[in-house]
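*Asks:* Structure provided below as structure tokens; questions to follow.
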Ligand code: SF4
């Protein structure tokens with residue numbers, strides 16, 4: 001059974017893989033992409049699986065974190081002057097936004113979501129080759145989380161427990 005350090009390393013590899021795929025998809029959709037520093041349209045106080053929450057906390061422990069103490073309850077506290085203060089360590093969900101995301105809805109049907117600032121009209125045909133396969137990456141994260149919450153120190157969490165991103169700003173997170 002993998003220990004905490006090995007699981008955090010697997011999480012880091014998963015974010016690297018996400019970045020590689022999003023970078024190649026951004027090239028495919030270059031003519032549509034408006035994502036840039038200063039746009040925070042998709043930022044909000046997301047909730048994270050414990051594995052992601054603690055893996056990011058582990059990465060942030062050597063960093064000086066700046067937060068917006070005035071962020072409202074649905075706003076991300078790491079958004080300061082319209083820029084992400086934890087950009088290199090941001091969660092998976094933040095790494096994929098802006099791109100066309102392909103996923104299955106509650107009825108088991110394929111659905112596509114895409115930023116309305118980038119894709120004003122869905123004139124393009126989206127398919128598995130030019131959209132981000134969100135289910136695939138979410139499943140990997142879910143499985144990694146299962147492995148993580150089986151560890152003695154984290155078995156107080158259930159499979160579907162989520163932790164608000166803003167709690168990362170509290171500091172002194174017990175790892
Ligand atoms: S972590 Fe960064 S990218 Fe993600 S919602 Fe917060 S400010 Fe936006």
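*Asks:* Dividing the alpha-carbon Rg of the chain by 2.2 N^0.38 Å yields what?
*Replies:* The reported ratio for this selection is 1.07.
*Asks:* Sticking with this structure for a sec: For n ≥ 4 DSSP H runs only, could you compute -39500 (n - 2.57) per run for the chain, divide by its residues and tell me the 222 nm figure to the nearest 500?
*Replies:* Mean residue ellipticity, 222 nm, calculated: -10500 deg cm²/dmol.
*Asks:* How far is helix 4-28 tilted, in degrees, relative to the longest principal axis of the Cα atoms in the chain, given as a value from 0 to 90 rounded to the nearest 10?
*Replies:* Here the helix axis deviates by roughly 10 degrees.
*Asks:* From the P(r) of segment 34-73, could you give the percentage of C-alpha pairs in the tail past 16 Å?
*Replies:* 59 percent
*Asks:* Can you give the angle from 0 to 90° between the axis of helix 50-60 and the longest principal axis of the chain, with both taken from C-alpha atoms, to the nearest 10?
*Replies:* 80 degrees
*Asks:* With everything on Cα atoms, drop me the angle between helix 134-149 and the longest principal axis of the chain, reported from 0 to 90° to the nearest 10.
*Replies:* Once rounded, the angle reads 0 degrees.
*Asks:* Output the relative contact order of the chain, whole-number percent, from Cα pairs under 8 angstrom with separation of 6+ residues.
*Replies:* 33 percent
A short reminder: the numbers here are calculations on the coordinates, not readings from a lab. On a predicted model such as this, the values are computed, not experimentally measured, just so you know.
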